[in-house]
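The values are calculated or read from the model by the stated rules, or taken from the named source; none is laboratory data. What you are looking at is a predicted structure, and each value in this text was computed from that prediction instead of being measured. Reconstructed Cβ throughout: ideal geometry from the backbone, glycine too, with neighbour counts over all protein chains shown. To get the accessible areas, we keep the full protein, side chains included, count just its heavy atoms, and leave off ligands, DNA and RNA. Shrake-Rupley method; radii C 1.70, N 1.55, O 1.52, S 1.80 Å.
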Amino acid sequence: MRPQLPRRPSPQVPTGLWYFAAGMIVAYVLYFSFSAPKERTQDKENFVASCHASLFEYHEALSEWLSGKNNAKDFQLTWKRMRMDDDAVVVQPTGREMTGNQIKSALQAMNGAAGKGFYTVPTKITLQRIYPASLLWSFVEEQHMPSSPTQKHATSALCEQGQKGIKWVHLHETKLEEPEETRTIGRK
């Protein structure tokens, strides 16, 4: 014999409480089905847009610092505009890895070192990956100097969103050089 399922709520729980609980479940499902994804999508879009804008702000601040447009006393402002995390890691084209304090020390010493007319700009910007609290970007950094050819670096950068806003936590640069020749290897 098959057990019979109760046709109405258990007598220990008042009927009104069942309806209240069912209403709360429906409200919860509706809220997270319709409202939350839109809010999360909007937050994600804002995060992507803010991080993208900060990429240009980073390069503008770096250009001004290295070209000598700012005085040495403005380094904290420059660092703040660059939005570098204090524990950031930068891997230079030479393979040398620098951490937050090393980056700060090197930049402080390089105020005006690139000379007047120097500027750097990101081009070919691509959003590679979107994670819950970080974005992975790739771009070509072009360093323009008045007296020498433009240098280009292929760069990957990780931007994170924390309690204090957007921070760049990792940059990896590889120097791009024009090939001497092009070869096809393998079958033709």
Filter result for Asp43 (open to solvent by 60 Å² or more (accessible area, probe 1.4 Å), at pLDDT 55 or above and more than 15 Å from Lys167 (Cα to Cα)): yes
Taking region 142-164 on its own, how many of its residues are open to solvent by less than 70 Å² (accessible area, probe 1.4 Å), within 27 Å of Phe47 (Cα to Cα) and modelled with pLDDT of 90 or more? 9
Hey, does region 58-66 have a residue that's within 16 Å of the chain's Cα centre (by Cα) and either at pLDDT 90 or above or closer than 26 Å to His144 by Cβ (or both)? yes
Matching residues in region 67-87 (open to solvent by less than 30 Å² (accessible area, probe 1.4 Å), modelled with pLDDT of 90 or more and of a type outside the set (Val, Ile, Thr)) number 4
Looking at region 125-169, which of its residues are assigned to a strand (DSSP E or B), over 18 Å from the mean Cα position of the chain (by Cα) and of a type in the set (S, T, N, Q)? Gln143, Ser148, Thr150, Gln151
Condition met for Gly115 (at pLDDT below 90 and either in a loop (DSSP other than H, G, I, E, B) or open to solvent by 40 Å² or more (accessible area, probe 1.4 Å) (or both)): yes
Can you pull out every residue in region 88-111 that is open to solvent by less than 30 Å² (accessible area, probe 1.4 Å) and within 17 Å of Lys152 (Cα to Cα)? Val90, Val91
